[in-house]
């Protein structure tokens, strides 16, 4: 998603460089409608129930959604490591085929957060 927002910002800057300016709310709507189909419900929720929508609102909501997805992914990875460690036979000090302790795996996953 960050690549999508970077491309959008570059496009906005390119337009501004040739003296084409859009209102903040128009930019917010263009960004929302440029999102993939998988964001359809997200777009509907964000658009409805607001009198005015700003680009900062949209970018903040997208960043929050991406952070939430990353956290959910990391929780799933930690759970998978825990299940793998319970089923692994052999050296009790090792978890999973990588030989990582669950604590080390958690730290590594948490450090990978932006």
I need 39, 22 ordered by Cβ neighbour count within 10 Å, fewest first.
22, 39
Which FRET efficiency value, to the nearest 0.05, do you get for residue 42 and residue 17 by plugging their Cβ-Cβ distance into 1/(1 + (r/R0)^6) with R0 = 35 Å?
0.70
Taking the Cβ-Cβ separation of residue 73 and residue 51 as r and a Förster radius of 41 Å, what is the calculated FRET efficiency to the nearest 0.05?
0.75
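All of the numbers you see were taken from the coordinates with simple rules; none came from a lab. This is a predicted model, so every value here is computed, not measured. Methodologically, a virtual Cβ is constructed for each residue, glycine included, from the backbone with ideal geometry; neighbour enumeration extends over all protein chains shown.
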